1. Considering amide H positions built from the backbone, and no H for Pro or chain starts, which residues 5 or more places from Ala50, or on another chain, come under 5 Å of its amide H?
2. For Glu67 and Ala234, calculate 0.36 nm times their separation in residues minus their Cα-Cα distance, and state this gained length in nm to one decimal.
3. Could you compute how much accessible surface Glu41 exposes when probed at 1.4 Å, giving the result in Å² to the nearest 10?
4. Starting from the Cα of Lys37, draw a straight line to each of the aspartates and glutamates and keep only those under 14 Å, dropping any in the same chain fewer than 8 residues away.
5. Could you rank the peptides 129-140, 107-118 by their average count of other C-beta atoms within 10 Å per residue, with the highest value first?
6. To check you understand DSSP bridge types, tell me what percent of the beta bridges within the chain (both residues inside) are antiparallel, rounded to 5.
7. Looking only at the stretch 21-171, where both bridge partners belong to it, what percent of the DSSP beta bridges are antiparallel (to the nearest 5)?
8. Highest GNM mean-square fluctuation, the chain, Cα pairs closer than 10 Å: which of Arg15, Arg145, Arg272?
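The values are calculated or read from the model by the stated rules, or taken from the named source; none is laboratory data. As the structure is a prediction and not an experimental result, all values here were calculated from the model. FYI the Cβ positions are ideal-geometry reconstructions off the backbone, even for glycines, and counts take in every protein chain you see. Quick note on the areas: whole protein, heavy atoms, side chains included, nothing else; ligands and nucleic acids left out. Shrake-Rupley method; radii C 1.70, N 1.55, O 1.52, S 1.80 Å.
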Amino acid sequence: MEQRHLGRTGLRVSRMGLGTLTWGRDTGEHDAADQLKAFWEAGGTLIDTADVYGGGEAEYLLGQLVERLVPRRDLVIATKAGSVPDPDRRFDGSRGHLLASLDASLARLGTDYVDLWQVHAFDPETPLEETLQALDMAVSSGRARYVGVSNFCGWQLAKAATWQLAPGASRARLASTQMEYSLLQRGVEREVLPAALDLGVGLLPSSPLGRGVLTGKYRHATPSDSRGASDRLAPFVEPYLDDSATRIVDAVITAADGLAATPLQVALAWVRDRPGVVAPVVGARNAKQLAAALSVETLSLPDEIRRALDDVSAPVHRYPDQDWSTL
């Protein structure tokens, strides 16, 4: 699998990441082991997790599998901290909480460092410089090799990345931002992606298959074994089952038929090769689903198909995102 630099740093990662959102909850040890082994054998290195995935079980399960199945040195383990199960405060970016969460993550993962540590979301209740100081301390202590953010809007990312690059300051530059990005969700193109490109921050798209909708499996009905049929995850899928999404899915299917490919391959190739994207993070229920995603490695979309998909999924960007003189 091709390797790419993560942002303007020396860290190289596979151009596809393996997500562990369901590990330890819907994905058990056997399926997780099969996925990890298949991903590694395909040349994959980037493993994405978070301290809240499965209430910590995803990190714990990953820690049990590393070394037993795959050498630690062959993996780029990325985890996140900052989300909290508190209805009154969904995110805690305080220095104390973040550093305590990192220590707990390292214990569950069974390692003394993570390759990439990310703030899971912006916390408006904590000064941003305090949140970023936690990232600096993680790097200076050796507990994290590189750092990034997740779910920061454009001005938040720009402010954070610029703060870290301040002249004369010994701070760890942001290597990455993780955001939802797909043919069904192109909102990052308004301000997040331009900021990331300008400041040398690599984009790691989550839900690159539109929460599974771009595979086409919801085109006529909701499969009984899908996320859309789950009481817990159905609200996650439902926003992408409208008429606009249907038109985009139909275009993806048409493109796939013309290329003798699958809708999954077309949708994943589109986002993988967008400017600024380093590695889409793909979650799979089992090794068979993961193999379908890994098969996209050899596919590059022809320009005419890419442009057609761009057109059918184009978000409405008006003032001030466009040149005001044309409005």
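1. Here Glu59, Lys80 satisfy the definition.
2. Details: separation 167, 0.36 × 167 = 60.12 nm, distance 3.54 nm.
Length difference between fully extended and current span is 56.6 nm.
3. Its accessible surface works out to 120 Å², give or take rounding.
4. In chain and number order, the partners are Glu29, Glu67, Asp74.
5. My ranking of the peptides, most packed first, is 107-118, 129-140.
6. Rounded to the nearest five, the antiparallel share is 15 percent.
7. Around 5 percent of the beta bridges assigned by DSSP in the stretch 21-171 are antiparallel ones.
8. The residue that fluctuates most here is Arg145.
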